[in-house]
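Below is one structure, written out as C-alpha cells; comments come after it.
Where a number appears in this text, it was derived from the coordinates with a stated rule and is not lab data. Just so it is clear, the structure is predicted and the values come from calculations on it, not from any experiment. Every residue, glycine among them, receives a Cβ derived from its backbone with ideal geometry; neighbour counts consider all protein chains shown.
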Amino acid sequence: MSSQELHIVTGAFGYSGAHIAQKLLKQGIAVKTLTAHPDRPSALQGQIEAAPFDFDDPDALTRTLTGARVLYNTYWVRFDHGDSTHHKAVRNTKTLFESAKRAGVERVVHVSITKPSLDSPLPYFKGKAELEQTLEESGLSYEILRPTVLFGGRDVLINNIAWILRRFPFFGVAGNGSYRLQPIYADDLANLAIEGGQSRENRTRDAVGPEVFTFDELIRAVAEAIGVRARLVHMPRWMVLAASRALGLFVKDIILTGDEIDGLSSNLLLSDDAPTGRVVLTDWMRTHNAELGASYANELARHFQPPNSVLTAQH
C-alpha cells in the first residue's frame with residue numbers, strides 16, 4: 001500500500017477503532033478519525049487527524065470523507081442514553097454510508113454483530129441487521145464483520161467481570177448461566193478489519209475467537225486467571241438488573257441492560273462458523289492477570305463525559 005493512501009476510522013480515540021488505527025499507522029497508512037470528541041485524550045492524538053461526525057451536515061461529512069480509500073466504521077451505541085439511541089445510530093450510519101458513496105470511498109469495512117435480524121425484538125440486533133441491508137444495497141464495496149464481545153485492554157465485559165470478582169464476595173448470574181458466548185481479541189478484530197479493507201470481494205463474516213464458554217464457565221475462567229474464588233449465585237433476571245442498577249449508582253455507569261441479558265441468554269453471541277480470531281482468551285488472561293479488573297472500564301465516561309472531565313467512575 002502507498003504511504004500516501006488515506007484510511008478513515010470512526011472512533012479511533014475509543015476502543016475497537018483505536019486498535020484498527022494503530023495497526024494502520026504501523027503499515028505506514030495515513031489515518032483520519034471521525035469522532036464525537038475530537039479533543040478527547042488519546043495516545044493517537046497528534047498522530048492522526050480528527051474530525052467531527054457532522055451527521056447533521058451530510059455535505060460537510062462528504063468533504064471530510066473525500067480522498068479516503070477505505071472507511072472502517074465502528075460507530076454504534078451500546079444502549080440508549082439521553083438523545084443517543086439505537087434509532088438515531090441507525091439513521092446516522094445511513095448518512096455516513098451515503099456520504100461515503102458521494103465522497104468516492106472505495107471500500108467500507110463495517111463492524112456489525114453476530115446473528116443480527118430484522119425480526120429481532122432487540123433494538124441492537126435489529127438495527128445492525130438494518131444497516132447490513134443498507135450497506136449491501138448501497139453499491140459500495142463492503143466487508144461486514146460480525147464480532148461477539150471483545151477482550152483485550154480495558155474492554156467492558158471481561159475487564160469488568162474481573163473488577164467485580166476482585167471486590168465482591170459473590171457474582172450474580174441471570175438464569176442458569178448455561179448460555180454461551182465466544183469472545184474475540186480486539187487485535188484479532190482489527191486484523192480482520194484491515195484484511196477486509198484490502199479485499200475487493202463483497203462479503204459478510206463472523207469475527208469470533210477460538211473458545212466458546214457458557215457464561216458460568218467464563219466467570220470461573222476469569223476468577224481462576226486473577227486468583228480469586230468465583231462464588232456464583234444464580235438469580236432471576238429482574239434481580240440481576242436490580243443489583244446492576246445499584247452498583248451502577250456507585251460507579252456512575254450503566255453496567256448491564258435487560259436487552260443485553262436477553263441477547264446473551266438467547267445465545268446470540270457465538271457463531272456457527274469456524275473461528276476467525278486466533279488469540280485464546282484463557283491464555284491471554286493468564287499473561288494479563290495483574291491488570292485485568294484492576295480498574296473499572298466505564299462506558300458512560302468513555303462515550304458521554306466531556307473530554308476534559310475527571311473520570312470519577314474509574315476505581
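General observations
- In degrees, nearest ten, helix 237-251 long axis to first principal axis of the chain (Cα): 70 degrees
- Given Lys88/Lys128; Lys23/Lys94; Lys94/Lys126; Lys26/Lys128; Lys23/Lys115, the pairs whose alpha carbons are separated by over 22 Å: Lys23/Lys94; Lys26/Lys128; Lys23/Lys115
- Residue-span extension gain [Phe170 to Ala274] - 0.36 nm each, minus C-alpha spacing: 34.0 nm
- Each Lys and Arg Cβ is given +1 and each Asp and Glu Cβ -1; about its Cα centre, the range 166-222 then shows a dipole of about 200 debye.
- Restriction of the trypsin sites (Lys or Arg not before Pro) in the range 189-232 to DSSP coil positions whose beta-carbon has at most 16 other beta-carbons within 10 angstrom yields Arg200, Arg229, Arg231.
- Alpha carbon centroid spacing (whole Å) that separates the range 125-165 from the range 23-65: 20 Å
- P(r) histogram, all alpha-carbon pairs of the range 158-315 included - 10 Å bins from 0, percent: 10, 33, 37, 17, 3, 0
- Quotient of C-alpha Rg and 2.2 N^0.38 Å, computed over the range 245-297: 1.53
- Helix 16-26 axis, angle to the chain major axis (alpha carbon atoms, nearest 10°): 50 degrees
- Near Val9, the amide H atoms lying under 5 Å from its own belong to Lys32, Thr33, Leu34, Tyr72; only residues 5 or more places off or on other chains count, and H is placed 1.01 Å from N.
- Computed log₁₀ I(q)/I(0) - Debye formula, equal Cα scatterers, no solvent, the range 1-96, q 0.10, 0.14, 0.21, 0.23 Å⁻¹: -0.25, -0.50, -1.08, -1.25
- Gln45 long-range amide H proximity, modeled H, under 5 Å: none
- Applying the Karplus relation 6.51 cos²θ - 1.76 cosθ + 1.60 with θ = phi - 60° to the range 139-153 yields 3J(HN,Hα) values of x, 6, 6, 9, 10, 10, 10, 10, x, 9, 9, 9, 9, x, x Hz, where x marks Gly and Pro.
- Rg/Rh ratio calculated on Cα atoms of the range 122-250 (Kirkwood radius): 1.05
- Volume per residue of the C-alpha convex hull in the range 23-156, rounded to whole Å³: 128 Å³
- Cβ crowding within 10 Å averaged over residues, with 82-88, 213-219 ranked highest first: 213-219, 82-88
- Taking every DSSP bridge with both residues inside the range 57-196, close to 10 percent are antiparallel.
- Between Asn202 and Ser138, residue separation times 0.36 nm minus the direct Cα-Cα distance comes to 21.9 nm.
- Surrounding net charge for Ala301, when Lys and Arg each add one and Asp and Glu each subtract one, Cβ distance under 12 Å: +2
- Angle between the chain longest axis and helix 186-198 axis [Cα atoms, degrees, rounded to 10]: 20 degrees
- Residues whose amide H lies under 5 Å from that of Thr204, counting only those 5 or more places away or on a different chain, are Ile144; hydrogens are built 1.01 Å from N in the peptide plane.
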